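These notes are about the structure you will find just below.
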Amino acid sequence: MSGTYLGMPAFPDAAHDAVRDRTLRGNLRHATHTIRDKRAQAVAELADWAELREAGKQIKDHTLRHLDRYLVQLEESVTAAGGTVHWAADAAEANRIVTRLVRATGETEVVKVKSMATQETGLNEALEAEGIRAYETDLAELIVQLGKDRPSHLLVPAIHRNRGEIRDIFRREMSAWGRSAPEALTDSPAELAEAARLHLREKFLRAKVGISGANFMVAETGTLVVVESEGNGRMCLTLPETLISVVGIEKTVPSWRDLEVFLQTLPRSSTAERMNPYTSMWTGTTAAAAGDGPRAFHLVLLDNGRTDTLADEVGRQALRCIRCSACLNVCPVYERAGGHAYGSVYPGPIGAILSPQLRGTQSEIDASLPYASSLCGACYEVCPVAIDIPEVLVHLRERVVQGGEVTRHGAKVTLKPAKGHAAERAAMRAARWAFSHPAALRAGQRLAARTRRLHPRTLPGPGRAWSATRDLPPVPAEPFRDWWRRTRQAEGKDST
């Protein structure tokens, strides 16, 4: 990835400020609880949800095991349909390719349908540096862009904003980007949506270049798929003469039959809808006389750490993600800290395992992300492709603390243990030694039991951060081993 957000501290420091923002916490609590309750109802309607979930997992795992073959097939299919495929090893190369393609058209404006891959690479900033202005057309993305803000949710990037804040942003910023907001604009959802519609409509009708992402790419036909709820995607995909799609390589599925599974699970898990209001599919290009559709189509296949992630047998399951955001809506940590604390376009539980793999764990923020979880397991329970997020979190924590061999930029490298975990490593080594020596363990347990009245109520030093929000468990009056021996002997005497 292109890096963390400028100046982002480690997760605990960023979350420290976020949890004290009552407005933010209120916005997040209301939104996440509403979405997850609706999702639960939508999922409960399907008697075969567990089977669909397993099917999605199996399809994704099969595709990832044979990704090299399916990517070649995808390229051949797109090319045969009149499109052009470009391969980008990292964010910088993807941005160079897209910038070159836009400049070749002679245009200085582009419209975008929400693409997390372009947020990942920092494409908007790269285009702006070349004098090209990118307009976000998804309502929530528009709010974020006008507010000079950052996304905080996979599905609802402006989830941290309430209606009053959105109204103020529209009134203050819309005129600098195009059509002004109505002077009497209120915080009514209908009025806010109408203001955004009128603001965006002139951009749709004027734009000659569109930039998109894709939810899925079908290898057998070269078809790309975008699912959305507002219709902005349909406008971006059909009106511009040139369409450039930037998509992560893991979004590939082998066939149309495979796509059927995800078109059932994604809407219910994300927006709690039985199906998306708009499911747009395009294959290659269209002739001018044929009607709507791009005359030139370019597909930029983005790696940017994905093949490195694929090399990790435990961590690779993060690449199954279909960006539904269900894990964010049930996560108690995300609900209190918000998305900005994760320092990535991928917040929440999935971001806590995806970002450190795509970017590595060398930075302070990425080394802290695997700890941004209570390991409650709610994220795994709601994941429509059964990503065991707690398992990957523990796996990445071990990598941070112990170091070891990983794949970076296609080569095997050995990571050094992260700084600040010396005490943790020493404690684990001591525990391993004690559990390997029963006599020493027994002596330690007896000593702890006999001195229990002297034990402090809070831990000293670094342990204070743990005991500040938890009660230390009381030490029993005698170790279990002694209790067992005493009670077993008593039972033996009674029986005789």
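Structural remarks
- VAL78 modelled with pLDDT of 95 or more, β-branched (Val, Ile, Thr), touching a helix residue (DSSP H, G or I) at 6+ places or on another chain (Cβ under 8 Å) and crowded, with 19+ Cβ neighbours inside 10 Å: no
- Yes/no for ALA42 being open to solvent by 40 Å² or more (accessible area, probe 1.4 Å) and either in a helix (DSSP H, G or I) or under 28 Å from MET235 (Cβ atoms) (or both): no
- Residues that are in a loop (DSSP other than H, G, I, E, B) and touching a strand residue (DSSP E or B) at 6+ places or on another chain (Cβ under 7 Å), drawn from the stretch 115-148: SER115, ILE132, THR137
- Flag for SER270 being crowded, with 22+ Cβ neighbours inside 10 Å, in contact with a His (Cβ under 9 Å, 6 or more places away or on another chain) and of a type outside the set (A, V, I, L, M): no
- Enumeration of residues in the stretch 129-148 that are open to solvent by less than 20 Å² (accessible area, probe 1.4 Å) and among the aliphatic types (A, V, I, L, M): ILE132, ALA134, ALA140, LEU142, ILE143, VAL144, LEU146
- Taken together, the residues in the stretch 396-411 that are touching a residue at least 60 places away in the same chain (Cβ under 8 Å) and surrounded by 18 or more Cβ atoms within 10 Å (Cβ to Cβ) amount to 2.
- Near pairs, Cβ below 8 angstrom, 6+ apart or cross-chain, from the stretch 430-450 (surrounded by 12 or more Cβ atoms within 10 Å (Cβ to Cβ)) to any residue that is β-branched (Val, Ile, Thr): ALA448/VAL475; ALA449/VAL475
- In the stretch 320-352, the residues that are touching a Leu at 6+ places or on another chain (Cβ under 6 Å), part of a helix (DSSP H, G or I) and open to solvent by less than 10 Å² (accessible area, probe 1.4 Å): TYR334, GLY348, ALA352
The values are calculated or read from the model by the stated rules, or taken from the named source; none is laboratory data. Because the structure is predicted, anything quoted here is derived from the model rather than measured. Reconstructed Cβ throughout: ideal geometry from the backbone, glycine too, with neighbour counts over all protein chains shown. All accessible areas refer to the heavy atoms of the entire protein, side chains included, with ligands and DNA or RNA removed. Shrake-Rupley method; radii C 1.70, N 1.55, O 1.52, S 1.80 Å.
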